[in-house]
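The values are calculated or read from the model by the stated rules, or taken from the named source; none is laboratory data. From a predicted model like this one, the values you see are computed outputs, not experimental measurements. Here Cβ is always computed from backbone atoms with ideal geometry, including for glycine, and neighbour counts include all displayed protein chains. Accessible surface areas use protein heavy atoms only, side chains included; no ligands, DNA or RNA. Shrake-Rupley method; radii C 1.70, N 1.55, O 1.52, S 1.80 Å.
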Amino acid sequence: MRRLLHTILAISLALTLVAPALPAAAAPAFTDMAGHWAGQWVEPWASLGLINGYPDGTFGPGRPITRAEMCALINRALGLDGSSVELDGTIPGSGGAWYEQTIAVALAAGYVEPRSDGLVQPDAALSRQELATLIALALKLETFGTIGALSRFGDESAVEEQYRSAVAAMVDLGHLRGFEDGTLRPAQTTTRAEALALLARTLGALYRTAGEFGPAAGDPEFLPGSAVVAAPGVTLRNVVIPGDLYVTAAALGGVTRLTGVAVIGTLYVSGGSQVAIDGSRVARLVIDRGLPVAVQTTGESYVSRTIIRSDAVLSESELTTDGFVEVVVAAPGGIDVSLDGIYDKVRIGAPDSALNLSGGTIGELTVLAEQAAIDLAEGTEAGSLFLHGRTVVTGAGSVASVAAFAAGVDLGVEPGRLTVSPGVVTMVRGKAYTGELIARREYTFAEDEAGWAGGFCDYPVETDPAEWGLEFGHADLPEEIGPGKGLLIAGNNHSDDLFMFLARRLGTAEGLMPDTAYTVEVEFDLGTDAPAGAVGIGGAPGESVHVKVGAAGEQPRPVEDDNGYWRLSVDKGSQNDEGRNAVLVGDVAKAGAEFDGYELKTEQRRPAAEVATADAEQSLGLCRDGFGLQEGNTALYYTRIPGHAQRDTGRIGPSPRWKSAGEEGATVRGESAMIVRRPPAVLEGSATRGRS
């Protein structure tokens, strides 16, 4: 998708951005809009019936806009229907004010919240920062890592804390602009003309009638920003959308078709809509809350990541590429999802969710929530199941391997391989299996690296490591977390992708056997000087530097890829997404916002995503790493990497408190421990197969 984005941006430099034609209609002749700067926005919206004037024939472009008026504009543009929304007493004027239903729809959609006194102030005039926040929330704009966009304004500090992230996102995307004197004026009251212009720029192209839009052949049409489908039966073809595409509830009753379309941002689908993706590329698909949604991919289609927040049916048909790659069933709970096709990764993060694989395969299925129900239809296959919550698996399909990390797992399907955490009982067709602890190792960094090595990847091969400040070694700890020694790993990130890692092999000395499946759990202390909530170049220096742990049947090492970059030899996932051999456990932000000094931070244990199998040399590669999204220098000290041998009801319990040096029974700072777990046995009569 990154290569696709670069290609699209390169092509766009040579093409003129053309907005789609709006349906022909006579615009109201507002008596006060002749020659007004906002006429380019007001007239098209009036022709679509999205805005109204006053009885005297004026639009009132200079009049302050109220919260209720702005909600009415947003609701109409997004096709938000209030017919099923119940009214309550939190809306002033519930006796029949014109805005009663309007505010109720906004509350139900979640982009308006009552104040602490329960009121929403529909008649209050909106400030620029309040307006920007309303739009950002209504369109679900990504606000992470954009705070730095405010630094270009001389009155940045005037933006109130509760609005900062949304305002920054609107500025970063180029929708909210400042004044000639370099100020943003966030508290200034917004006029009707300014509000409409901001909303229109953010939404981009509007499709409110059925039909085909975009060239039938030839060069693609590049839209200037985002787009909204608010009518059934809309077909977009040969169109590149650099922003987001919203298929709203107004599209209910027909199929929205994307043919040869590239969505660089996010495709949002809601309100019971049906979407057919044919030969199109979508960076991210979000199925929003509401009525059940159906999405199908065909031909040369690619959807990198799908996030499901409502009942949904996903299907693949006659594909020549990947179709849906990764699917995440997200909050809220109680979601029913049906899949038909070939899916690389599926993750269930919403409690009380049901997943039905009606046809095809799932490579990796991870359950991170409680009370998940999985049904595998006859003829379907699941490769690896990683179950971190109570899960019931039924059906006539097959499963290659299951790793059960939590109590309450009940398998009605017999897997080819089963791994169970110590003390955890897993039922397989009425028979109980319990995992056992195999090995616990302790290492000390007091004298040397204790066999741990550092490495770096996700940067160009033709790079001088010194220019990136790449450093690993046995070093004195900073005085704030010393005395003693630890492992230092540091790098100066220039690409938003630098990956720093520590790795160690385990072998016969730890009691490992070849061709045997193991799970690994790791907990560690790291010393970090990254303050919480700080702003950095390209992201926060704390929260944007992610930390993962993992294990694999080979030693993790950098290898050169076809694009001239060093990549890790095992699957660690992309950026903050988890991989087959690594899971996300946290970030490097300190507890507080202090800039000076280092602070010890404990990352809690979590099992590696992959159940690793020792190779013929009876060795197992362990990897824990910090991944930097933030551009700039990151230097981390690791003082211990302990594991914990006890679980309660299948969940990792709190670790015993480590005592300071000098106390009775103290553990010397810098010691580490590693836990390796082995399943009790391969299921009787089952062949070892699949990825394990």
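Take each peptide in 126-133, 213-220, count the other Cβ atoms within 10 Å of every residue, and average; sorted highest first, the result is 126-133, 213-220.
Report the local net charge at W566: Lys and Arg +1, Asp and Glu -1, summed over other residues whose C-beta lies under 11 Å from its C-beta.
Details: positive: R557, R567; negative: D458, E462, D497, E560, D561.
Summing Lys/Arg as +1 and Asp/Glu as -1 gives -3.
Let me check something: with ligands and nucleic acids excluded, how do L291, L319 order by accessible area (1.4 Å probe), largest to smallest?
On the way: L291 95, L319 50 Å².
So the residues, ranked largest to smallest area, are L291, L319.
Loop-located trypsin sites (Lys or Arg not before Pro) across the stretch 364-429 with a Cβ neighbour count of 14 or fewer within 10 Å are R429, with loop assigned by DSSP. Note on the stretch 354-396 and the stretch 402-429: Cα centroid distance 13 Å, given to the nearest whole angstrom.
Multiply the residue separation of L291 and D562 by 0.36 nm, subtract the distance between their alpha-carbon atoms, and state the gained length in nm to one decimal. Write out the running numbers ahead of the final one.
On the way: separation 271, 0.36 × 271 = 97.56 nm, distance 4.41 nm.
Working it through step by step, the gained length comes to 93.1 nm.
Of K485/K572; K431/K601; K140/K590; K140/K345, which sit over 30 Å apart, Cα to Cα? Exceeds cut-off: K431/K601.
When the GluC sites (Glu not before Pro) in the stretch 162-254 are filtered for DSSP coil states and for at most 13 other beta-carbon atoms within 10 Å of their beta-carbon, the remaining sites are E180. Close amide H pairs (under 5 Å, H built 1.01 Å from N) link I348 with V329, T366, V367, L368, residues at least 5 positions away or on another chain.
What net charge do the residues around C71 carry, taking every other residue with its C-beta under 13 Å from that of C71, with Lys and Arg at +1 and Asp and Glu at -1?
Details: positive: R67, R76; negative: E69, E100, E113, D123, E130.
Local net charge: -3.
Under 1.5 on a/c is rounded, so check that first for the stretch 191-232, then, if it is not, pick prolate when a/b is larger than b/c and oblate when it is not; a ≥ b ≥ c are the square roots of the alpha carbon gyration tensor eigenvalues. Since a/c reaches 1.5 but b/c is at least a/b, the shape of the stretch 191-232 is classed as oblate.
What is the stretch 140-182's relative contact order, in percent, from Cα pairs under 8 angstrom and six or more apart in sequence?
Once normalised by length, the contact order is 49 percent.
Determine the sum of side-chain charges near D596: Lys and Arg each +1, Asp and Glu each -1, restricted to other residues whose C-beta is under 11 angstrom from that of D596. Net charge around D596: -3.
Within the stretch 175-208, the trypsin sites (Lys or Arg not before Pro) that combine a DSSP coil assignment with at most 11 other C-beta atoms in a 10 angstrom radius are R177.
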